[in-house]
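The values are calculated or read from the model by the stated rules, or taken from the named source; none is laboratory data. Please read these numbers as outputs of a predicted model, since none were measured by experiment. When we count neighbours, we look across all protein chains shown, and the Cβ atoms used for this are built from the backbone with ideal geometry, even at glycine. Keep in mind that these areas ignore ligands, DNA and RNA; they rest on the heavy atoms of the full protein, side chains included. Shrake-Rupley method; radii C 1.70, N 1.55, O 1.52, S 1.80 Å.
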Amino acid sequence: MSFMVGDVGICGSGIGSFQLYRSNMKWLTMTLNFVKPVRIGSGYRVLSIKMASHIVGYPRMGPKRELKFALESFWDKKSSAEDLQKVAADLRSSIWKQMADAGIKYIPSNTFSYYDQVLDTATMLGAVPPRYNFAGGEIGFDTYFSMARGNASVPAMEMTKWFDTNYHYIVPELGPEVNFSYASHKAVNEYKEAKELGVDTVPVLVGPVTFLLLSKPAKGVEKTFPLLSLLDKILPVYKEVIGELKAAGASWIQFDEPTLVLDLESHQLEAFTKAYSELESTLSGLNVIVETYFADIPAETYKILTALKGVTGFGFDLVRGAKTLDLIKGGFPSGKYLFAGVVDGRNIWANDLAASLSTLQSLEGIVGKDKLVVSTSCSLLHTAVDLVNEPKLDKEIKSWLAFAAQKVVEVNALAKALAGEKDEAFFSENAAAQASRKSSPRVTNEAVQKAAAALRGSDHRRATTVSARLDAQQKKLNLPVLPTTTIGSFPQTLELRRVRREYKAKKISEDDYVKAIKEEISKVVKLQEELDIDVLVHGEPERNDMVEYFGEQLSGFAFTANGWVQSYGSRCVKPPIIYGDVSRPNPMTVFWSQTAQSMTKRPMKGMLTGPVTILNWSFVRNDQPRFETCYQIALAIKDEVEDLEKAGINVIQIDEAALREGLPLRKAEHAFYLDWAVHSFRITNVGVQDTTQIHTHMCYSNFNDIIHSIIDMDADVITIENSRSDEKLLSVFREGVKYGAGIGPGVYDIHSPRIPSTEEIADRINKMLAVLDTNILWVNPDCGLKTRKYAEVKPALENMVSAAKLIRTQLASAK
């Protein structure tokens, strides 16, 4: 018999092996010891001996972003629905077989999605807003993708961050008039699909209470509408789904209820008890997991959760929810399963197997050996797919890492060790990697640590008030009322991507690369001047990603070739890996900003990514507190800000798109996070002159609850997402919050191909002027334009500028 590392399709006489950390014989032998050959026809198939192991969920894009390219081809009408479905089916098959071959006992299904799992749940429930003209029956791609992306005639649904991750979900729009119906059989179909492949899976559903708590009142529905009042209306659909899964042969089902980690009110907690009591009879005969993740479970919630009727087991995040361990040790219901999430689903560091095994062994005496299941802390959706696809990654750093495929191996290795089949060689190699990381000289820079430690004696505020600074800046910039700008990036064409790719591969010279980028910047500058935009950007043609671009030029960062993670829809990001102390060896953006400013007399924004966003959108070292790493990044960005100012750049934007995203899920932890996050931003620009205008940008989160911290950032101008969330941001100003700095709530949604009219944008501006002073309001899109096409961008910006001019004329005539 022969075998190949990474060969996951097992049939005939081939032996499949799971993708491993390294392709040396020791590891292959270890793997083969975990399986047994079973004769099938004239050949053999290798069947894994399955221990008590469980995976909450798995990345859906594919190891080389196969789903991304299939989706975009379908959206561009270059391929058919059948082509897209074939790519999706192949990915699902590969994932299920991969986990089965690794020996995972509880394999999830229905964690695949063409766009988003919350949108999938909304379609399962038939919760389609009326503007999409859904006529009933089974929801197809046209309706599904219109809800996600909008179309030429109607806008998309709101998109916001999934808890404190960089994943975005589509926000369901609900109200008393919604007629729920079983409109998508996806969960059942995928269970059957896996079963036909010989893999028995655990179907995963977003739980009914979490679904409602993550929804919002539809347009026209009172904002105070109690969403949980719809529980009785959605449970009948859940019952239909459960009934079909049982009929199809499912023996386990998983309900993801991550809202249980939040600070919930008593009526919200009562909804969980009500929901699972109502479902109990339908669930009879099924084993039920209620899965939680991302934080500790509050003590009162733990009592209610573990008392739920009809539930077989409970899944807990024991990485970010370490305090939950104390609750479990204080008492766990007899006869119930504990799905112990000891393998981190949100970071890429190799598990400390010895420490995890010790934790698991301590739980055995409480839960019972036969009721303890080794699991991931959350879905592996939030980590990269497979280290096998990183042949060029530094060998020492690579030895410290584990992507999703390797985490599956870790889960099973821990389960086997717990069952008395510990692989000593595997554990020994893991221990050596842990020791290497702790002692490596490349991790520590004493000068950086000393500089960051010195920051704690000051709050780093600029010397003058924002109103005084705005006056000084206006004298220098001479901007009109309602100044127009964009957020930073312009469309990244195929030609532009080709130039960057060829330069990176050393197929073109540096001179040719610089020439091509300068030509692109010139084109973007001329377009903005033709459109009559007031404050320009250079379009960021030299940047692959707003975080990776900076990380590549900072010390302490490592990069992958295929470490992609889904952000939303087909959009993937490749988070840098922060493995050591961070510093800036050289200027990063000054050359390009100076070049762009030389092409125009209008103000040109210097474009930087802020320290909190770089932190939150990276895989961060877990051997020191996050705030210490953030302070180090802030000092590096501070150096860049001051160099831009010296180079004659008078407007500098420091994006903090992810500041809200990092807010802890528990309210008791908010103040500490916001203190160091806001402080980090202020560090970056404390040294600039009053005449240098500091902008920041935030998007796709709920900012209303941190508005006072946003004010405390002390930026001169903030541009902020507003239109896709149905102008939710404006409500905070209607409620009396006074904002004295410049502010640009987005006037149109850039994540939809739809082009807004001048009248529509003008109407949005008037709504803003009802709650904001004329002299502080800016006009801009929701976010950067990188993902759009010029055919969409040019008319949209044209209409935006026309709307601003229209309102200026109306304001002037009203005086």
Per-residue ³J(HN,Hα) for the range 480-488, Karplus 6.51 cos²θ - 1.76 cosθ + 1.60, θ = phi - 60°, Hz, x for Gly and Pro: x, 4, 6, x, 9, 7, 10, 7, x
Globularity index of the range 466-602, i.e. its alpha-carbon radius of gyration over 2.2 N^0.38 Å: 1.23
Distance (nanometres) between label positions extended 7 Å along Cα→Cβ at S428 and A81: 5.7 nm
Separation in nanometres of the label points that stand 7 Å from Cα toward Cβ, at A451 and D471: 3.6 nm
Stretch gain in nm, segment K223-K438, where the contour uses 0.36 nm per residue and the Cα spacing is subtracted: 72.3 nm
Accessible surface of the range 664-815 [probe 1.4 Å, protein heavy atoms]: carbon and sulfur percent: 51 percent
Descending Cα extents along the principal axes, the range 377-431, whole Å: 36, 26, 14
Calculated on alpha-carbon atoms, Rg and Dmax of the range 529-673 in Å: 16.4, 51
Order by protection proxy (mean Cβ within 10 Å, highest first), peptides 263-273, 384-394, 205-215: 205-215, 384-394, 263-273
Violating pairs (Cα-Cα greater than 32 angstrom) within the set K638/K805; K336/K407; K518/K794; K407/K450; K192/K233; K78/K161: K638/K805; K407/K450
Shape metrics for the range 60-204, restricted to C-alpha atoms - Rg then Dmax, Å: 15.9, 49
Value at 222 nm in deg cm²/dmol, rounded to 500, when DSSP H runs of n ≥ 4 in the chain each add -39,500 (n - 2.57): -12500 deg cm²/dmol
Gain in span if fully extended, K336 to N622, counting 0.36 nm per residue against the direct Cα distance: 99.8 nm
Two-site FRET efficiency, K767 against S73, from Cβ-Cβ distance with R₀ of 22 Å, rounded to 0.05: 0.05
Order by protection proxy (mean Cβ within 10 Å, highest first), peptides 477-483, 293-299: 293-299, 477-483
Within straight-line cross-link reach of K738, lysines at Cα separation under 21 Å, skipping those fewer than 8 residues along the same chain: K728, K767
Among 561-567, 227-233, 347-353, 602-608, the order from most to least packed when residues are scored by Cβ within 10 Å on average: 602-608, 347-353, 561-567, 227-233
Hydrodynamic radius (Kirkwood) for the range 255-337, which is based on Cα pairs only, to one decimal in Å: 12.9 Å
Stokes-Einstein D (µm²/s) once Rh is taken as the Kirkwood radius of the range 308-433 over alpha-carbon pairs, at 37 °C in 0.692 mPa s: 215 µm²/s
Distance between the range 393-463 and the range 84-151 - C-alpha centres, whole angstrom: 34 Å
Semi-axis lengths, Å, the range 591-689, gyration tensor of Cα atoms, sqrt of 5 times eigenvalues: 29, 12, 12
Residues in the range 749-766 reached by a label modelled at R131 [backbone nitrogen below 14 Å; 7 Å Cα→Cβ]: 749-757, 760-761, 764
Surface accessible to a 1.4 Å probe, T774 within the full protein complex, Å²: 50 Å²
Computed FRET value (nearest 0.05) for K369 with K815, which takes r as the C-beta separation and R₀ as 60 Å: 0.15
Cα principal axis extents for the range 400-482, largest first, Å: 74, 35, 19
FRET E, pair D512, N544, Förster distance 22 Å, beta-carbon r, rounded to 0.05: 0.75
Net charge of neighbours whose Cβ lies under 15 Å from the Cβ of Q434, counting Lys and Arg as +1 and Asp and Glu as -1: -2
Calculated diffusion of the range 497-570, Stokes-Einstein form, Kirkwood radius summed over Cα pairs, 10 °C and 1.306 mPa s, µm²/s: 109 µm²/s
Around L470: net Lys/Arg minus Asp/Glu count, Cβ-Cβ under 13 Å: -1
The range 633-710: C-alpha pair distances exceeding 13 Å, %: 69 percent
Once the Cα gyration tensor of the range 293-336 is diagonalised, semi-axes √(5λ) in Å: 17, 11, 10
Accessible area expressed per residue, the range 75-168, with surrounding protein chains retained (probe 1.4 Å, Å²): 34 Å²
Phi-based couplings in Hz for the range 582-594 (Karplus 6.51, -1.76, 1.60; Gly and Pro marked x): 10, 8, 10, x, 8, x, 10, 10, 4, 4, 5, 5, 4
Cα→Cβ-extended label distance, 7 Å offset, between A248 and K523, nm: 4.7 nm
Alpha carbon Rg of the chain, scaled by the compact-globule rule 2.2 N^0.38 Å: 0.95
Net lengthening on full extension, S153/T774 (0.36 nm per residue, minus Cα-Cα): 220.5 nm
Projected area, mean over directions - the range 479-536, Cα convex hull, nm²: 4.6 nm²
Reciprocal mean inverse distance between Cα atoms of the range 715-803 - Kirkwood radius, Å: 13.3 Å
